[in-house]
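Structure first, commentary second.
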Amino acid sequence: MRKPNRLLRGSDGFIAASAAHRLEAFFTGALAIGLRLGESLGLRWQDVDLHRGLLYVARAANGSSQRRQTARSGAHR
């Protein structure tokens, strides 16, 4: 018996639409860590620390740069 089609919503639809796109890994990663669109577009290679496994969100695509302290719940964003 065939499974009924289900409507893709939100992140499921976005991930499905970006499949096989050259930036699929970027889209999936940004979604997984909760980056806003402006934060994602403002990223530069210098913001990535592969050795420590860190990503620094230092600017937004609109050119603004601000430092914010975030509440810690034990999980890293």
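At-a-glance table
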| quantity | calculated |
| --- | --- |
| Residue tally, condition surrounded by 10 or more Cβ atoms within 10 Å (Cβ to Cβ) and not in a loop (DSSP other than H, G, I, E, B), over the range 17-59 | 22 |
| Candidate set from the range 23-64 (those that are of a type in the set (Asp, Glu) and over 20 Å from GLY13 (Cα atoms)); member that is farthest from the chain's Cα centre (by Cα) | ASP49 |
| Whichever residue in the range 1-16 is surrounded by 11 or more Cβ atoms within 10 Å (Cβ to Cβ) and assigned to a helix (DSSP H, G or I) and, among such residues, is modelled with the lowest pLDDT | SER11 |
| Pairs where the first residue, in the range 20-38, is closer than 16 Å to ALA58 by Cβ and the second is part of a loop (DSSP other than H, G, I, E, B) and among the hydroxyl-bearing types (Ser, Thr, Tyr), C-beta under 9 Å, 6+ apart | GLY38/SER64 |
| Residues satisfying the stated conditions in the range 13-38, i.e. in contact with a helix residue (DSSP H, G or I) (Cβ under 8 Å, 6 or more places away or on another chain) and not hydrophobic (A, V, I, L, M, F, W, C) | SER18, HIS21, GLU24, THR28 |
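The values are calculated or read from the model by the stated rules, or taken from the named source; none is laboratory data. In this text, all values refer to a predicted model and were calculated from it rather than measured experimentally. Here Cβ is always computed from backbone atoms with ideal geometry, including for glycine, and neighbour counts include all displayed protein chains.
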